[in-house]
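Nothing in this text is a laboratory measurement; each read-out follows from the coordinates by a stated rule. Please read all numbers here as calculations on a predicted model, not as lab measurements. As a convention, Cβ positions derive from the backbone with ideal geometry for all residues, glycine included, and neighbour counts pool all protein chains shown.
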Amino acid sequence: MAREEPQTIPPELLLKAYRAGIFPMADSRDDPEVYWVEPRMRAILPLYGFHLSHSLAKTLRRDKFRVTCNAAFDAVIDHCAAPRPDAAESWISMRIRDSYRELHARGAAHSIETWQTGADGVERLVGGLYGVGIDRAFCGESMFSRATDASKVALAWLVAALRQGGAELLDCQFTTPHLVSLGAVEMPQADYLTLLHHATRKGPTSLDSAARYWGGATSGALSSVSSAGSGALLALGFAALAAAAAAATGSSSSPGNFIAQSLTQTS
C-alpha cells in the first residue's frame, strides 16, 4: 500500500500562528510531523539598524548579482532545505516546504533571489531568502548562498524593500553570528510580541513617512499597499524600490549603488 502523504498546514493556521509569535519546524526533511516553536529569546533585525559593511557596499555597487522578488520561490525554498556542509538535515520538511508554497500562492509568503551569470554565459540562482509577510511585519524563515555575498545582497534588498513599503518589523527568529554581523539583536519573546502586535494592528498601513523619505516618484506604488492583502507589503515595496532605483540612477548607472546609498540613511 502506498504511503499517504501528510497534508499541508492550512494557510489560515500558519498565518494565525505567526500572528501569535510561533512558527513550525520539523526534525528532518522526511518527517511528516511538525512542532510549533515559541523561542524564549527572539532575534529581529531593526530596519534602520542594518549594518552595511564596506565590503558588502562594494559588492552592491558593482552589481555582481541581479536581484528579483518572487521570481523563483519554489527554487529558493528547495535550496534552503537542501543539505549543507555544516548540517546534513534540515528543519524544512517536505510538508513544511509544500505548506509555504501554498502560502506563497496565496500571496503571503515571498522570496528574494540573487542571480549571477557564469563564465559560460548562463545565469543561475546563487542565493536568496524567503519568509512570511503579515501586515507591517516580515518573518524571515531561511536563506541560502552558493556564491560569496549572495545571501547578504538578498538581505540588503529585503531591508531596503521593507523600508520602502513602510514595514516596521523584520523577524529573524534566532540569532546567528552571521545575522548579528548584519545588525540583528536579541530580545525576550514578550518584548518581541509587543513589537509584533503593534506591527499587525488593525487599520491602514502607515506609509506617509516612507513616502516623504523616498520622494514623490514612488508614492503611487506605496499608497497601494494600504489596500493590499496580507503579505503584499514586500512585493509592492520591492517594485517601488526598483522603480525608484531606476529613476534615481538612470540606465547608465548602478541600481546597487542606489541600494547601498539608501541603506546608509536613517529614519
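At a 10 Å Cβ-Cβ cut-off, how would you order I9, I92, I112, fewest neighbours first?
On the way: I9 18, I92 22, I112 29.
Least to most surrounded, the residues fall as I9, I92, I112.
Cα to Cα, under 17 Å, and not fewer than 8 places away if on the same chain: which aspartates and glutamates meet these conditions relative to K16?
Partners within reach: E38, E102, D135, E141, D171.
Taking the beta-carbon count within 10 Å as an exposure proxy, list F23, F174, F238 from fewest neighbours to most. The partial results should precede the final answer.
Working: F23 19, F174 12, F238 24.
Starting with the residue having the fewest Cβ neighbours, the order is F174, F23, F238.
By the gyration tensor of its Cα atoms, with a ≥ b ≥ c the square roots of the eigenvalues, what is the shape of segment 63-144: rounded for a/c under 1.5, prolate for a/b over b/c, or oblate?
Details: a/c = 2.06, a/b = 1.29, b/c = 1.60.
Oblate is the answer for segment 63-144, as a/c is 1.5 or above yet b/c matches or exceeds a/b.
Lys and Arg at +1, Asp and Glu at -1: add these up for the other residues within a Cβ distance under 13 Å of L60 and post the number. Numbers along the way, then the final one.
Details: positive: K58, R61, R62, K64, R66, K152; negative: D63, D149.
Surrounding charge for L60 is +4.
Please report Rg over Rh for segment 101-167, where both radii come from the alpha carbon positions and Rh follows the Kirkwood definition.
Details: Rg = 13.1 Å, Rh = 12.7 Å.
So for segment 101-167, dividing Rg by the Kirkwood Rh gives 1.03.
Given Cα positions, please report Rg to Rh for segment 1-146, the hydrodynamic radius being the Kirkwood one. Don't skip to the answer; put the middle values down first.
Numbers: Rg = 16.8 Å, Rh = 16.9 Å.
Rg/Rh: 0.99.
Work through the residues other than G183 whose Cβ is under 14 Å from its Cβ and net out their charges, Lys, Arg +1 and Asp, Glu -1. Mind showing how you got there, number by number?
Details: positive: K152, R163; negative: D171, E186.
Taking every other residue near G183 into account, the sum is 0.
Please compute the net charge surrounding A75, taking Lys and Arg as +1 and Asp and Glu as -1 over other residues with Cβ under 14 Å from its Cβ.
Values: positive: R97, R101, R124, R146; negative: D74, D78, E113, E123.
Around A75, the charge tally is 0.
Sorting E168, E186 on the 10 Å Cβ count, fewest up front, what's the list?
Numbers: E168 19, E186 16.
Ascending number of Cβ neighbours within 10 Å: E186, E168.
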